[in-house]
Amino acid sequence: MILSMTGFASTSREFPGGLMSIELRAVNHRYLDVQMRLPEELRIIEPQLRELIAGRVTRGKVECRIGLNQTTDDTPQLELNRDTVTRLLAVCEEVRTLSPGIRDLGMGEVLRWPGVLKSNSLPPEALQQLCIDGLGAVLEDFRATRGREGHKLSNILLDRIAAMETIVGAVKPKLPQILEAYRNKLAARLQEALGNVDDDRLKQEFALFAQKIDVDEELERLTTHLTEVRRILKTGGQVGKRLDFLMQELNREANTLGSKSVSTDTTQASVELKVLIEQMREQIQNVE
């Protein structure tokens, strides 16, 4: 299966007092470019989130948006831990007896003391793990979306390959006829320009030009490249760069076919092949 670089997936996770939203979207890009949009509470795990994405995506411009929204119906509640406050004040009183000049704790310091205030909100570590687990689930959906898009791209490419193979298959049987027609045309032109032309001279001239206009090798290479594209699509994986290289090779052979053309058949075949190759190249730009 080949994967498209274009994809989208999202999810949301509830937690006490809030809602976490995770969204992934991607477009084609030459390399992997990950852009993160995170709330401050989750900045500490950004490297871990990037590593998680890079483990599942190899190419594409990926935007990851993670948001935290407070829910009005489940506002975090704060409760004073009286036992902790009592023990803290007792310790402060004991310290004061040892050092009478020491400053008392202020209310703000007491309230910030670990364990003094109890809350039903999610601890930071649990919130971070919720984010990691949520991103993992989104990546699974994201990969499935890109796989479905890749399947469509594969079918489009296979249709173009079949059309190109039909063109090549139609031109090949005509090559002897094309060469014979060109030989007759060359003989007529030489006869007109030089009068009587020696048969050996005609053979030499034709042999020279036949090498220049012979496109059998180009048609064979076109067939070979198309077979390789089929094989790569069947194998799947990260094949975008390899397919892009093969498009360059196909285009080179189609151009050579056109430059060597001495008949409308091969000229038209060259034009049609280049149109199909360009259509394939546009689609391949989205293949991972």
- Search the range 259-288 for residues being farther than 30 Å from Val57 by Cα and among the β-branched types (Val, Ile, Thr), and hand back the single one that is farthest from the chain's Cα centre (by Cα). Val262
- Which ones in the range 109-146 are at pLDDT 70 or above and of a type in the set (A, V, I, L, M)? Val110, Ala126, Leu127, Leu130, Ile132, Leu135, Ala137, Val138, Leu139, Ala144
- Query: Any chance the range 87-96 includes a residue that's open to solvent by 50 Å² or more (accessible area, probe 1.4 Å), in contact (Cβ under 8 Å) with a residue 60 or more places away in the chain and farther than 30 Å from Lys241 by Cα?
  - Reply: no
- Can you tell me which residues in the range 16-37 are of a type outside the set (D, E, K, R), closer than 18 Å to Gln129 by Cα, assigned to a strand (DSSP E or B) and open to solvent by 40 Å² or more (accessible area, probe 1.4 Å)? Leu19, Ser21
- Query: Taking interchain pairs and intrachain pairs at least six residues apart, which have beta carbon atoms under 8 angstrom, with the first residue in the range 1-12 and open to solvent by 40 Å² or more (accessible area, probe 1.4 Å) and the second of a type in the set (Lys, Arg)?
  - Reply: Thr6/Arg146; Phe8/Arg25
- Query: Pick from the range 38-68 the residues that are assigned to a strand (DSSP E or B) and among the small types (Gly, Ala, Ser): which of them is farthest from the chain's Cα centre (by Cα)?
  - Reply: Gly67
- Which residue, of Lys241, Lys212, Lys185, is at pLDDT 70 or above, charged (D, E, K, R) and over 23 Å from the mean Cα position of the chain (by Cα)? Lys185
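Table: residues versus (1) farther than 30 Å from Ser4 by Cβ; (2) surrounded by 11 or more Cβ atoms within 10 Å (Cβ to Cβ); (3) modelled with pLDDT of 80 or more.
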residue: Glu40; (1), (2), (3): yes, no, yes
residue: Ile45; (1), (2), (3): no, yes, yes
residue: Leu49; (1), (2), (3): no, yes, yes
residue: Ala54; (1), (2), (3): no, yes, yes
residue: Arg59; (1), (2), (3): no, yes, yes
residue: Ile66; (1), (2), (3): no, yes, yes
residue: Gln70; (1), (2), (3): yes, yes, no
residue: Asp73; (1), (2), (3): yes, no, no
residue: Asp83; (1), (2), (3): yes, no, no
- Task: Among the numbered conditions (1) part of a loop (DSSP other than H, G, I, E, B); (2) open to solvent by 70 Å² or more (accessible area, probe 1.4 Å); (3) not charged (D, E, K, R), tell me where Gln268 comes up short.
- Result: (1)
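A quick yes/no check of all residues on (1) open to solvent by less than 40 Å² (accessible area, probe 1.4 Å); (2) at negative phi; (3) of a type outside the set (Val, Ile, Thr); (4) in a loop (DSSP other than H, G, I, E, B):
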{"site": "Thr227", "(1), (2), (3), (4)": "no, yes, no, no"}
{"site": "Arg230", "(1), (2), (3), (4)": "no, yes, yes, no"}
{"site": "Lys241", "(1), (2), (3), (4)": "no, yes, yes, no"}
{"site": "Arg252", "(1), (2), (3), (4)": "no, yes, yes, no"}
{"site": "Gly258", "(1), (2), (3), (4)": "yes, yes, yes, no"}
{"site": "Ser261", "(1), (2), (3), (4)": "yes, yes, yes, yes"}
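The values are calculated or read from the model by the stated rules, or taken from the named source; none is laboratory data. Since this is a predicted model, take the numbers as computed values, not measurements. Every residue, glycine among them, receives a Cβ derived from its backbone with ideal geometry; neighbour counts consider all protein chains shown. These area figures cover heavy atoms from the full protein model, side chains too; ligands, DNA and RNA do not enter into them. Shrake-Rupley method; radii C 1.70, N 1.55, O 1.52, S 1.80 Å.
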